[in-house]
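One structure below.
The values are calculated or read from the model by the stated rules, or taken from the named source; none is laboratory data. Everything numeric in this text was worked out from a predicted model, so none of it was measured. Positions of Cβ are generated from backbone atoms using ideal geometry, with glycine treated the same way; all protein chains shown enter the neighbour counts.
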Amino acid sequence: MLVLIIRKPTNLEHHQAMAQKGEVPEHPDPAYLRLITQAHQEHYLCKERLLEQLKICGIQAIEATRGEEWPRGPFDYVISLGGDGTLITASYGIKDATPLIGIRSSSASVGYLCAADIKTLDGLVRKMAGGTIALVERHRLEARVDHEAGGHTLSPYMALNDFLFAASSPAATTRYQLTCDDRTETHKSSGIWIATATGSSAAIGAAGGTLMAADDRRLQFLVRELYRGAGDDLRLRHGFTEPGRERFEIESLCPAAILALDGEKWMCKVSFGDRISFQSAVSVRVARAVEHE
């Protein structure tokens, strides 16, 4: 059995690299330094424990750092070592049925999507070796921007969490036409979240969206801070669609806007008259959480 481990660079490593370039002070605030040093140490302890358990179970491992080009596979499993951000980044490299297993490597990392941490990874590795890991198919989305000036842009990654359409300036009003099925409305707002079921627990949830079951294949949209004028009959504030079955399209009426994928992972500039549509992408199989034994 061969697995690929995608590990995050720690915040301490980021800080040290930036300090060498003179971009940040070499000696940060002591409290912050303690925090990132502890997380760094926890991360490497978790990595050592993972490699030890893989060796015990006779599983070969190849390592790569998040953001690097992947070594050649195929792999029986892809393991992300970090937090949810590392798992999301690792998911972009999976275009088939290869299972993705998230391990939360430090107490400073968010691990909602992760299957294990240092306390439970021994049992996780044994389940890997025995082929008994429980998996859930998590739906992903792709976006297409048809430019008014000609041509189009496709999202280079399959979004596991969400897309955000908004004006380029966070202080500017986002203007657009939103079409859902046979209804079209002209809005002024702070933008629109377009999320998968996985993303329903993230930004769209904090903005007032609905938590969805992990295997739900619908698209959820939510308009942020919708402006309602006197007499406006605006109904398309929040809802669900099945990608490909209903028409769901955004036409930008902003001179400068952006479409962002999974936070800062990718961003496309959108101009006045550009149209954005969304479609289902290949799902990714993600390991469910492993309980203490």
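Mind listing whichever residues of region 133-162 are in contact with a helix residue (DSSP H, G or I) (Cβ under 8 Å, 6 or more places away or on another chain) and polar (S, T, N, Q)?
Passing the criteria: only ASN161.
Looking only at residues that are closer than 19 Å to VAL223 by Cα and part of a loop (DSSP other than H, G, I, E, B) in region 256-270, which one is modelled with the lowest pLDDT?
GLY263
Could you list, in sequence order, all residues of region 196-237 that are of a type in the set (S, T, N, Q) and either surrounded by fewer than 21 Cβ atoms within 10 Å (Cβ to Cβ) or touching a residue at least 40 places away in the same chain (Cβ under 8 Å) (or both)?
THR196, THR198, SER201, THR210
Criterion first (farther than 26 Å from ALA171 by Cβ, hydrophobic (A, V, I, L, M, F, W, C), in a strand (DSSP E or B) and in contact (Cβ under 8 Å) with a residue 24 or more places away in the chain) does VAL286 satisfy it? Don't jump to the end; show me each part of the working.
Details: farther than 26 Å from ALA171 by Cβ: yes; hydrophobic (A, V, I, L, M, F, W, C): yes; in a strand (DSSP E or B): yes; in contact (Cβ under 8 Å) with a residue 24 or more places away in the chain: yes.
Against the criterion (farther than 26 Å from ALA171 by Cβ, hydrophobic (A, V, I, L, M, F, W, C), in a strand (DSSP E or B) and in contact (Cβ under 8 Å) with a residue 24 or more places away in the chain), VAL286 qualifies.
Only one of VAL136, VAL125 is farther than 15 Å from ILE5 by Cβ and touching a residue at least 12 places away in the same chain (Cβ under 8 Å); which?
VAL136
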